[in-house]
There are 4 protein chains.
Amino acid sequence: MTSRLTLDELNGLSGEAFAAALSDVFEHAPWVAEAAAGQRPFATIAALHEAMMQAVRSAPREAQLAFLRGHPELGGKVARAGAMTAESVAEQGSLGLDRLSDAEFERFEALNGAYAARFGFPFIICVRRQTRDAILNEFERRSQLPPEAEFATALQEIGHITRLRLVAKVDGPGAPKTDGRLSTHVLDTVSGKPAAGVQVRLYEVGASARALVTETVTNQDGRTDRPLIGGQPLRCGTYELEFAIGDYFRRIGVAAPAPAFLEIVPLRFGIAEPEGHYHVPLLATPWSYATYRGS
Amino acid sequence: MTSRLTLDELNGLSGEAFAAALSDVFEHAPWVAEAAAGQRPFATIAALHEAMMQAVRSAPREAQLAFLRGHPELGGKVARAGAMTAESVAEQGSLGLDRLSDAEFERFEALNGAYAARFGFPFIICVRRQTRDAILNEFERRSQLPPEAEFATALQEIGHITRLRLVAKVDGPGAPKTDGRLSTHVLDTVSGKPAAGVQVRLYEVGASARALVTETVTNQDGRTDRPLIGGQPLRCGTYELEFAIGDYFRRIGVAAPAPAFLEIVPLRFGIAEPEGHYHVPLLATPWSYATYRGS
Amino acid sequence: MTSRLTLDELNGLSGEAFAAALSDVFEHAPWVAEAAAGQRPFATIAALHEAMMQAVRSAPREAQLAFLRGHPELGGKVARAGAMTAESVAEQGSLGLDRLSDAEFERFEALNGAYAARFGFPFIICVRRQTRDAILNEFERRSQLPPEAEFATALQEIGHITRLRLVAKVDGPGAPKTDGRLSTHVLDTVSGKPAAGVQVRLYEVGASARALVTETVTNQDGRTDRPLIGGQPLRCGTYELEFAIGDYFRRIGVAAPAPAFLEIVPLRFGIAEPEGHYHVPLLATPWSYATYRGS
Amino acid sequence: MTSRLTLDELNGLSGEAFAAALSDVFEHAPWVAEAAAGQRPFATIAALHEAMMQAVRSAPREAQLAFLRGHPELGGKVARAGAMTAESVAEQGSLGLDRLSDAEFERFEALNGAYAARFGFPFIICVRRQTRDAILNEFERRSQLPPEAEFATALQEIGHITRLRLVAKVDGPGAPKTDGRLSTHVLDTVSGKPAAGVQVRLYEVGASARALVTETVTNQDGRTDRPLIGGQPLRCGTYELEFAIGDYFRRIGVAAPAPAFLEIVPLRFGIAEPEGHYHVPLLATPWSYATYRGS
């Protein structure tokens, strides 16, 4: 990322310079920033973003369609051919959508083809708010929507994409919320104390495989020093937390048979709110446990 | 199984016929049944088994060793060569130990070789009380035991093996307990009612893979019509129950996001008591659950 | 209770004898049994009861009103004066409604007066399905109902009262369900075992006091040898179970501070289904517990 | 409270002025502060307190006894006669020990008499760390201790009393921890959200009665705006939290019978660590709940 602009600076630029400065937020659509320029000064980054989205929503249908059509296909030929803006490259790359296997590439090609034929613009989704599996699920689900509903969904996704881009580019007050948080807490209800030193692994669970996201150990308060995920949107999708509770209870001297009734406790859960806080605690004895979405 | 004898019949046979009738309970060791014959009549099958085990435990060390040495290797050359009694063939076959991959065969061969060199008799374990993974874990663990401790463990396993064989062969009062039970119960704590129609899958979890053991659906009482496992020993090892709780709550009309917080709830647990009752219930809402070893 | 009749005997009686035999089921209303007599034989007690209730429901309004007016006031002057049938005496006596304090007597008198003025018949409720507090709550709630709704409610209560009387009087197949069940189960989730020897007390909780209903101790399975309440309707109302879990954990040697975090665990719950099964278990460690309506 | 001294000021005073300034921390025992004066400067208030306690612990037995004997009786004649220091008056008054009923006065007199006869000094306890019931329990328990154990316990209580007095009097770094915290959190596990607007009542539970300590309502995060108890020691003893969960679920539109299964949920628990943090959350549906000592 290059050095960020401040909202004050943006408020003080000429209209032309303002539009140039924000040119890669709404790709290939300088008219969006131009429309927003006249409403300056903006008190918050959220207000700036909303003004630009309002420009998109109130544009003539032809301009909207041209704008949507300016987006690259997901994981498709265009992506492989490198014909994307730097932002799109980075975003798709974060999920490995630029490194698809041949089978995956075929699947995306088929979905892309059917989608474009039905709706007249490419499938647009804010990839930074989704796991790879969730994107494919959404692709299939949205391909079945009525055209007007899908058009509205595509504009919403534009909102998510550009909000993230704007927050990354502009410094200032009133930034819209773009990050979520996943946290945990392990309580040993035999001792009535936080369980310290419990190994915790977080996996992203896909249809056919699961990938380690992070691995850590609980501290004296039974929590992790840093959130399991934080400072970015949570990717919608399915996750599994694993807690090495068998090791913990052996270490503090609680007798257990071999194999223990509880050795590794898996908690599998779905995330549907990328900007939400998911607190997923574990209350455990060697013979029982409970979990819930907390706060 | 051929038709079973009754305990009464056994009590009435000549000593020779008695020993012949039980010849395949303690393999290649007719002296065990012969020693027990003199103590007839037995009031219970458990007493008969105990008398035979007592004969083994009080035999001279040389006879004990010869008896242990009469057992086939596990998953090894002898097994492949078919040099086992019919009982051993059936028992090893129940775990697929007669159909090992080449890599597995190598591993068993190495363990068998080291074990025999250290203890002077083959590794004996009651395979019907273990999962395949648990057998390998036990093989490695027991290979490290002091010789006297391992000798005692081998005799205990003989007790488990012959108890199962005796109960299969003889009908009568006072049969020793040889079967365990695994059951579940799903409670919907949003409604305060049993959760009916929940799909339940039970897997055996190995180091590298998991295998479906059974698949069923909860009835009106939130239970399964038959135990998940029953009428046989539970195999020591690690298991996972999966409950399709997301489908259940959608079906009864409880709103949930997509993906749901809880879609498939996995409960992973270890079984260490083959003749025990493991009741593993699930108390669930769309946002929380609890489990415990119940009774 | 005098010796019971069988359904077969009732089916075989003359119409007159049949009506006489059931004369104290529907008090002062021989026409109810007379109407049912013609539909004999009845295959089940439930069918017999339903036929008599159908006679009540299809009678002319005047007859219905006369029948309702034949019932004694609850806890009132009539009751004190002894002008009730033996059945009514026994039923009201079971709640102590024949031994009211002066303040309670005044309250019932006031409610009785207002109710009779509004609806034209005395307040009727099946006292054996209610706690004393619940009766007062119902008396106040129903005094506000629209007349038609309250008329229907009174007939429903007649159904509950006569069902209990009929089941007490007649032996035979297909008896309608008139009893509920309250049970518990204590699980020690530190040990993964039923908690044996836990003292359990059940209280009925009123607005101003609570009364001990029963006191018992859990058996080896963590249950009570007999249901806490069974073989009769559960009385609608509020209850509290108390479990002496502090004593239990000290006895099995689990360390605890003084005072223990959990000494007596109270579970307070309401019963709204007199013929239902309420299973109210306790899952406990010295530092945590959970309960739920189970099955 | 008069204006507080700073630790710096105390470090700079003459020895005499220092002892005078702290004269009412260790009642009638100026030698304690005098002994500590020579060890100045103190970097922390905790170090100052420890130096004074060390002076007490290393004093000759006669001086220790004279010091213990200088303390007023609890709730006794001396207290009634007004012969206490202002600090003792305030501390005993906080529990109403200066306003005993005649029966209570008799009981304290009997305990005081027996205790003094056995140990030769009055019963000393830090009343601000105890409920009234807990004091009586401790009085009876400690009256049975061997004299040496009880002598040590009395000195520990002196430590608790003087620590609180010193922290109230002196401002500065490194104050020893003297306050505890009781907090709660209500989670609605039907919705997977904090339960807002739940009425919460906290009672102190005595042998014969219970007294309302505080009453509040949960905020949007399911917590209370302020801790239920904070900024002071928690009084050892038994408490009950009551949550009006029935009202909550009706308000958010969850159907329930009348009476609801859960209307008021009581959680009864003991506090044994006056300077600890007791977090006592409630996870509830209309049909189930769980609690635990959290962190």
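Laboratory data are not the source of any read-out in this text; all were calculated from the coordinates shown. In this text, all values refer to a predicted model and were calculated from it rather than measured experimentally. A quick note on method: Cβ atoms are made from the backbone with ideal geometry, for glycine too, and the neighbour counts reach across all protein chains shown.
If you take the square roots of the eigenvalues of the alpha-carbon gyration tensor of region B:225-265 and sort them as a ≥ b ≥ c, do you get rounded (a/c under 1.5), prolate (a/b over b/c) or oblate?
Working: a/c = 8.49, a/b = 2.34, b/c = 3.62.
The shape class here is oblate.
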(message) I need the calculated FRET efficiency for the pair D:Arg118 and D:Glu273, taking r as the beta carbon distance and R₀ as 22 Å, to the nearest 0.05.
(response) 0.20
(message) How far apart, in nanometres, would the label points at D:Thr153 and A:Arg251 be if each is projected 7 angstrom from Cα along the Cα-to-Cβ direction?
(response) 3.7
(request) Just tell me how shielded B:260-270 is by partners: mean number of partner chain Cβ atoms within 10 Å of each residue's Cβ, no decimals. (result) 6
(message) Measuring nothing but label to label, 7 Å from Cα along Cα→Cβ, what are D:Pro41's distances to the other copies in nm, shortest first?
(response) 4.9, 9.9, 10.8
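Does region A:165-210 classify as rounded, prolate or oblate by the C-alpha gyration tensor (a ≥ b ≥ c root eigenvalues; a/c under 1.5 gives rounded; else a/b over b/c gives prolate, otherwise oblate)?
Values: a/c = 4.41, a/b = 1.70, b/c = 2.59.
Taking the square roots of the gyration eigenvalues as a ≥ b ≥ c, region A:165-210 is oblate.
For region B:248-295, count all C-alpha to C-alpha pairs, find those more than 15 Å apart, and express that count as a whole percent of the total.
On the way: 617 of 1128 pairs.
Pairs farther apart than 15 Å: 55 percent.
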(request) May I ask for log10 I(q)/I(0) of region C:156-252 at q = 0.13, 0.15, 0.22 Å⁻¹, from a Debye sum over the Cα atoms as equal point scatterers with solvent left out? (result) -0.61, -0.74, -1.08
(message) Pick from D:Arg69, D:Arg251, D:Arg107 the residue whose mean-square fluctuation is largest in a GNM of chain D, springs joining Cα atoms under 10 Å.
(response) D:Arg251
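With 22 Å as the limit, write out which pairs from B:Lys193/C:Lys169; A:Lys193/B:Lys193; A:Lys193/D:Lys177 have Cα-Cα distances beyond it, or answer none. Show your work: numbers first, answer last.
Details: B:Lys193/C:Lys169 34 Å; A:Lys193/B:Lys193 32 Å; A:Lys193/D:Lys177 20 Å.
Table pairs above 22 Å Cα-Cα are B:Lys193/C:Lys169; A:Lys193/B:Lys193.
Using Cβ counts within 10 Å as a stand-in for footprinting exposure, how do D:Leu241, B:Leu13 rank, fewest first? Before the final figure, lay out each step's value.
Working: D:Leu241 20, B:Leu13 16.
Taking fewest neighbouring Cβ atoms as first place, the list is B:Leu13, D:Leu241.
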(message) Which residues does the label zone of C:Ser94 cover in region C:43-61, counting backbone N under 14 Å from a point 7 Å along Cα→Cβ?
(response) none
(message) Viscosity 0.692 mPa s, temperature 37 °C: give me the Stokes-Einstein translational D for region A:112-214 in µm²/s, with Rh taken as the Kirkwood radius over C-alpha pairs.
(response) 190
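So what's Rg/Rh here for region D:25-162, counting alpha carbon atoms and using the Kirkwood radius for Rh? List each step's numbers first, then the result.
Values: Rg = 15.3 Å, Rh = 15.7 Å.
Rounded to two decimals, Rg over Rh is 0.98.
Could you work out the relative contact order of chain B? I mean the mean sequence separation of Cα pairs under 8 Å and 6+ apart, divided by the number of residues, in percent.
Values: 492 pairs, mean separation 47.4, N = 295.
About 16 percent, as a whole number.
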(message) Given the options C:Leu164, C:Tyr278, C:His49, identify the residue whose Cα lies farthest towards the positive end of the charge dipole of chain C (+1 on Cβ of Lys, Arg; -1 on Cβ of Asp, Glu).
(response) C:Tyr278
(request) Work out from phi, with θ = phi - 60° and the Karplus expression 6.51 cos²θ - 1.76 cosθ + 1.60, the ³J(HN,Hα) of each residue of region D:137-148, listed in order in whole Hz, and give x for Gly and Pro. (result) 4, 5, 4, 5, 5, 6, 4, 9, 5, x, x, 5
(message) Springs between alpha-carbon pairs under 10 angstrom, Gaussian network model over chain B: which of B:Asp102, B:Asp133, B:Asp171 fluctuates most?
(response) B:Asp102
(request) Taking only Cα atoms and a 10 Å spring cutoff, compute GNM fluctuations for chain B and point out the largest among B:Leu48, B:Leu164, B:Leu65. (result) B:Leu65
(message) Using 10 Å bins from zero, what percent of all Cα-Cα pairs in region A:105-160 falls into each bin?
(response) 24, 61, 16
(message) What number does chain A give for Rg over Rh if you use C-alpha atoms and the Kirkwood radius?
(response) 1.06
(request) Determine the shape class of the protein assembly as shown: with a ≥ b ≥ c the square roots of the Cα gyration tensor eigenvalues, call it rounded for a/c under 1.5, and otherwise prolate if a/b is greater than b/c, oblate otherwise. (result) rounded
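Considering Cα pairs under 8 angstrom that are at least six residues apart, work out the relative contact order of region C:173-295 and quote it in whole percent.
Values: 284 pairs, mean separation 39.8, N = 123.
Taking the mean separation of contacting Cα pairs over the length of region C:173-295, I get 32 percent.
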(message) Suppose you put the label 7 Å out from Cα in the Cβ direction; list, shortest first and in nm with one decimal, how far D:Leu145 is from each other copy's label.
(response) 5.0, 6.3, 7.1
(request) For region B:1-50, just the Cα set please: Rg and Dmax, both in angstrom. (result) 10.1, 27
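On average, how much area does the Cα convex hull of region D:150-191 cover when viewed from any direction, in nm²? Before the final figure, lay out each step's value.
Values: hull surface 23.8 nm².
If you wrap the Cα atoms of region D:150-191 in a convex hull and average its projections, you get 5.9 nm².
I need C:Glu242, B:Glu273 ordered by Cβ neighbour count within 10 Å, fewest first.
Details: C:Glu242 18, B:Glu273 14.
Ordered from fewest to most neighbouring Cβ atoms within 10 Å, C:Glu242, B:Glu273 come out as B:Glu273, C:Glu242.
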(request) Identify, for chain A, the residue whose C-beta comes nearest the rotation axis onto chain B, and round that distance to whole Å. (result) A:Ala290, 2
(message) Relative to 2.2 N^0.38 Å, what does the C-alpha radius of gyration of region D:215-288 come to as a ratio? Two decimals please.
(response) 1.28
(request) Quote the relative contact order of region D:107-189 in percent (integer), defining contacts as alpha-carbon pairs under 8 Å separated by 6+ residues. (result) 25
